[in-house]
Amino acid sequence: MFNDIGPLELVTIIVLAVLVFGPDKLPKVIQDVMRTIRKIREFSESAKQDIRNELGPEFKDFEFEDLNPKTFIRKQLDNDELGLKEIRNGFDLKKEMAEVTDAVHGRDGSSPSSSSSASSSSPAPSSGGRVDMTKKPETPGDDERPPFDADAT
């Protein structure tokens, strides 16, 4: 519950509690807060038990934590029946990112020497269907109007 509270923050909370409630009333306030937390936990546990009883025996392994989408997806991905661990282990992120970078820069990615010489020379107009991202688009002349697109208006 308090996993992200550091020691300095905890000391600050204690000092503020002593200043606000005073050293005489502080134990009574702590008892009241703890009693309230216990009642809330008992209420939630009884509600969970009622729901489990109402669902019946076919849902005996039902966990309420599975209703959290993160937990549900993590549980399903860790399932060995799907074979996702082999797919995850076979995926090389660095290689995929290098391929994407090569595609963006217009290199073929087969050899580093050919890609550096190809990028330093002037780009060919037909580069296998690739678009040259470094080339600036042509601007229409003063007397030319841009093309009209009826769907855009």
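Could you list, ordered by first residue, the pairs with Cβ atoms under 8 Å in which the first is in the stretch 93-119 and part of a helix (DSSP H, G or I) and the second is open to solvent by less than 70 Å² (accessible area, probe 1.4 Å) and at pLDDT 85 or above, at least 6 apart or interchain?
115/102
Would the stretch 118-134 turn up any residue that is modelled with pLDDT of 75 or more and aliphatic (A, V, I, L, M)?
No: the stretch 118-134 contains no residue that is modelled with pLDDT of 75 or more and aliphatic (A, V, I, L, M).
Pick from the stretch 1-49 the residues that are open to solvent by 100 Å² or more (accessible area, probe 1.4 Å) and not in a helix (DSSP H, G or I): which of them is modelled with the highest pLDDT?
Among them, the one singled out is 4.
Among all residue pairs at least 6 apart or on different chains, which show Cβ distances below 9 Å where the first residue, located in the stretch 26-52, is within 21 Å of residue 13 (Cβ to Cβ) and the second is among the hydroxyl-bearing types (Ser, Thr, Tyr) and at pLDDT below 95?
No pair meets every condition.
The values are calculated or read from the model by the stated rules, or taken from the named source; none is laboratory data. All values reported here derive from a predicted model rather than from experimental measurement. So basically every Cβ, Gly included, is an ideal-geometry build from the backbone, and we count neighbours across all protein chains shown. Side chains included, ligands, DNA and RNA excluded: accessible areas come from the protein's heavy atoms. Shrake-Rupley method; radii C 1.70, N 1.55, O 1.52, S 1.80 Å.
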